[in-house]
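The block underneath contains the structure these notes are about, expressed in structure tokens.
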Amino acid sequence: MNIEILDKILDMRRYLSLMESNFPAELGNAYRAMENQSNPWGMNQGERGDWAKGLDVKIVDPGEPLTTEWLYWVGCAGSFDDKNKKVTQAMAKLLKRAGIEVAVLGPSEMCTGDSARRSGNEYLFQMLAMPNIEMLDGMGVKKIITQCPHCFNTLKNEYPQLGGNYEVVHHSQLLEHLIESGQLDVGTATLDERLTYHDSCYLGRHNDVYLAPRKVVGSIKGIEVVEMQRNGTKGMCCGAGGARMWMEESIGVKVNDERAKEALSTGASRVATACPFCFIMLDDGVKAAGADDDQVKVADISVHLLDAIENGERQLAGRDAPLSPLESPIAGQ
């Protein structure tokens, strides 16, 4: 019937959150953290750029104009969550390999406010969004790369409502373009494994990006990509969208446990995600089902791609290396 129901649910949540102050207690912690520390993790903003230590990454000050073509919007998860810091580092290495120079905001980057808006706290959303827009416009930012579909959706579709207009791409779209154009060389990338990809709701259903992440993992030689029972437009949520990342489930089977079972049922040794929340939820679900990292590796598409490239380079180096005396062929053989 083409009835847009999300807007209605958000309006109801706004009423409950702002007028009645009637929201789950766990959300109160996330709200306070976003208000006081500018991120729902409640971490120190000064640590936002710590993931870049040892990497050739340019951290810019909002007071100076942006000199690179792209601004890399790392997001709260990519900056503070230990699992997702590895995704950010993998992306930085892949961009360097492709010759793409990007800048990051580091401690000056604030939460986009996605979780606040999704849970009905419109006041907090605008409190975070307005300074972000003012900062981005002041720096002359035109193009933004995000690795979080929630940041991607908010920056691309919701910041224009407040006057912030930018060209926003998700890292899966950029990687797809870099691979297809040959800027990122995946000629030797190889993994002899089976992989299944989980669709993020905010990348797939909300923004219709289904093929880009699949093409990225599909570019790896030797890999067998298998689909879960529910995929694409009929995919299943990881259980963290709509601000549920910060809440607990107490009714029935946990959504991430249910989804993790679907992933494991494919027999895949790798599960690929393209969203930091999906990564956390599925990794927890797979481990809860008894599968450790050495059996099933859950990671973002960028981590799997970098693994494949480095694996291919190791194999190539092994073949090109001179034979040791023990490996030298015996006369007559």
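The values are calculated or read from the model by the stated rules, or taken from the named source; none is laboratory data. This structure is a prediction, so every number in the text was calculated from the model and none was measured. For neighbour counting, all protein chains shown are included, and Cβ atoms are generated from backbone atoms with ideal geometry for every residue, glycine included. To get the accessible areas, we keep the full protein, side chains included, count just its heavy atoms, and leave off ligands, DNA and RNA. Shrake-Rupley method; radii C 1.70, N 1.55, O 1.52, S 1.80 Å.
Among the numbered criteria (1) more than 30 Å from TYR31 (Cα to Cα); (2) touching a residue at least 60 places away in the same chain (Cβ under 8 Å); (3) not in a helix (DSSP H, G or I), which one does ALA263 miss?
Checking ALA263 against (1) more than 30 Å from TYR31 (Cα to Cα); (2) touching a residue at least 60 places away in the same chain (Cβ under 8 Å); (3) not in a helix (DSSP H, G or I), the one that fails is (3).
Give the residue that is most open to solvent (accessible area, probe 1.4 Å), with candidates limited to residues of region 286-322 that are among the acidic types (Asp, Glu) and part of a helix (DSSP H, G or I).
Quick first cut of region 286-322, residues among the acidic types (Asp, Glu) only: 292-294, 300, 307, 310, 313, 320.
Among the residues that remain, those that are also part of a helix (DSSP H, G or I) are: 307, 310, 313, 320.
Details: ASP307: 35, GLU310: 62, GLU313: 78, ASP320: 115 Å².
The extreme case among them is ASP320.
Scan region 82-106 for residues that are more than 11 Å from the chain's Cα centre (by Cα) and either on the phi > 0 side of the Ramachandran plot or not hydrophobic (A, V, I, L, M, F, W, C) (or both) and jot them down.
Across region 82-106, the qualifying residues are ASP82, GLN89, LYS93, LYS96, ARG97, GLY99, GLU101, GLY106.
Could you tell me whether MET130 is more than 29 Å from ALA299 (Cα to Cα) and open to solvent by 10 Å² or more (accessible area, probe 1.4 Å)?
On the way: more than 29 Å from ALA299 (Cα to Cα): yes; open to solvent by 10 Å² or more (accessible area, probe 1.4 Å): yes.
When the stated conditions are applied, MET130 passes them.
Under 7 Å between Cβ atoms, which residue pairs at least 6 apart in sequence (or on different chains) link something in region 18-34 that is under 17 Å from ALA77 (Cβ atoms) with a partner that is open to solvent by 80 Å² or more (accessible area, probe 1.4 Å) and not in a loop (DSSP other than H, G, I, E, B)?
none
Filter region 194-209 for residues that are modelled with pLDDT of 95 or more and open to solvent by 40 Å² or more (accessible area, probe 1.4 Å); which is farthest from VAL296 (Cα to Cα)?
Per the criteria, the residue is ASP208.
Modelled with pLDDT of 95 or more, open to solvent by 20 Å² or more (accessible area, probe 1.4 Å), out of contact with any strand residue (DSSP E or B) (no Cβ under 8 Å at 6 or more places or on another chain) and not hydroxyl-bearing (Ser, Thr, Tyr), is that true of GLU327?
Values: modelled with pLDDT of 95 or more: no; open to solvent by 20 Å² or more (accessible area, probe 1.4 Å): yes; out of contact with any strand residue (DSSP E or B) (no Cβ under 8 Å at 6 or more places or on another chain): yes; not hydroxyl-bearing (Ser, Thr, Tyr): yes.
So GLU327 does not fit the description; no.
State which residue is nearest to CYS238 (Cα to Cα) when the search covers only region 265-285 and only residues that are open to solvent by 40 Å² or more (accessible area, probe 1.4 Å) and more than 21 Å from the chain's Cα centre (by Cα).
Our first condition is that a residue be open to solvent by 40 Å² or more (accessible area, probe 1.4 Å); within region 265-285, this holds for 265, 267, 284.
Among the residues that remain, those that are also more than 21 Å from the chain's Cα centre (by Cα) are: 265, 267.
Details: SER265: 16, GLY267: 19 Å.
Filtering region 265-285 for residues that are open to solvent by 40 Å² or more (accessible area, probe 1.4 Å) and more than 21 Å from the chain's Cα centre (by Cα), the one nearest to CYS238 (Cα to Cα) comes out as SER265.
Quick one: in region 1-37, of everything that is open to solvent by less than 80 Å² (accessible area, probe 1.4 Å) and of a type in the set (S, T, N, Q), which residue is nearest to ASP82 (Cα to Cα)?
Checked region 1-37; the qualifying residue nearest to ASP82 (Cα to Cα) is GLN37.
Kindly indicate whether any position in region 170-182 is of a type in the set (A, V, I, L, M, F, W, C) and in contact with a strand residue (DSSP E or B) (Cβ under 6 Å, 6 or more places away or on another chain).
Looking only at region 170-182, we keep the residues that are of a type in the set (A, V, I, L, M, F, W, C), and these are 174-175, 178-179.
Next, from what is left, pick out any that are in contact with a strand residue (DSSP E or B) (Cβ under 6 Å, 6 or more places away or on another chain): 174.
Among the residues of region 170-182, at least one is of a type in the set (A, V, I, L, M, F, W, C) and in contact with a strand residue (DSSP E or B) (Cβ under 6 Å, 6 or more places away or on another chain), which makes the answer yes.
Given the criterion over 25 Å from TRP41 (Cα atoms), open to solvent by less than 10 Å² (accessible area, probe 1.4 Å) and modelled with pLDDT of 95 or more, identify the matching residue among PRO149, PRO213, PRO160. Show your work before the answer.
Details: PRO149 fails: over 25 Å from TRP41 (Cα atoms); PRO160 fails: open to solvent by less than 10 Å² (accessible area, probe 1.4 Å).
Answer to the selection: PRO213.
Which of the residues belonging to region 238-260 are outside any helix (DSSP H, G or I) and crowded, with 17+ Cβ neighbours inside 10 Å? Break it down stepwise before answering.
Going residue by residue through region 238-260, those that are outside any helix (DSSP H, G or I) are 238-243, 247-254.
CYS238, GLY239, ALA240, GLY241, GLY242, ALA243, MET247, LYS254, listed by residue number.
Scan region 175-186 for residues that are in contact (Cβ under 8 Å) with a residue 60 or more places away in the chain and open to solvent by less than 50 Å² (accessible area, probe 1.4 Å) and jot them down. If you could, list the steps in order and put the result at the bottom.
So in region 175-186, the residues in contact (Cβ under 8 Å) with a residue 60 or more places away in the chain come out as 175, 178, 183-186.
Hits for region 175-186 are LEU175, LEU178, LEU184, VAL186.
Would you mind listing the helices (runs of 4 or more DSSP H) fully within region 38-120 where at least 1 residues are open to solvent by 30 Å² or more (accessible area, probe 1.4 Å) and of a type outside the set (D, E, K, R)?
Working: elements: 75-80, 82-97, 114-118.
Counting at least 1 such residues, we get 82-97.
Are any of the residues in region 222-230 among the polar types (S, T, N, Q), over 13 Å from HIS304 (Cβ atoms) and open to solvent by 30 Å² or more (accessible area, probe 1.4 Å)?
In the first step, residues of region 222-230 are kept if they are among the polar types (S, T, N, Q); the result is 229.
Checking which are over 13 Å from HIS304 (Cβ atoms) leaves us with 229.
Checking which are open to solvent by 30 Å² or more (accessible area, probe 1.4 Å) leaves us with 229.
Checked region 222-230: at least one residue is among the polar types (S, T, N, Q), over 13 Å from HIS304 (Cβ atoms) and open to solvent by 30 Å² or more (accessible area, probe 1.4 Å).
State which residue is nearest to the chain's Cα centre (by Cα) when the search covers only region 133-146 and only residues that are open to solvent by less than 10 Å² (accessible area, probe 1.4 Å) and closer than 22 Å to PRO213 by Cα.
Applying the filter and picking the extreme gives THR146.
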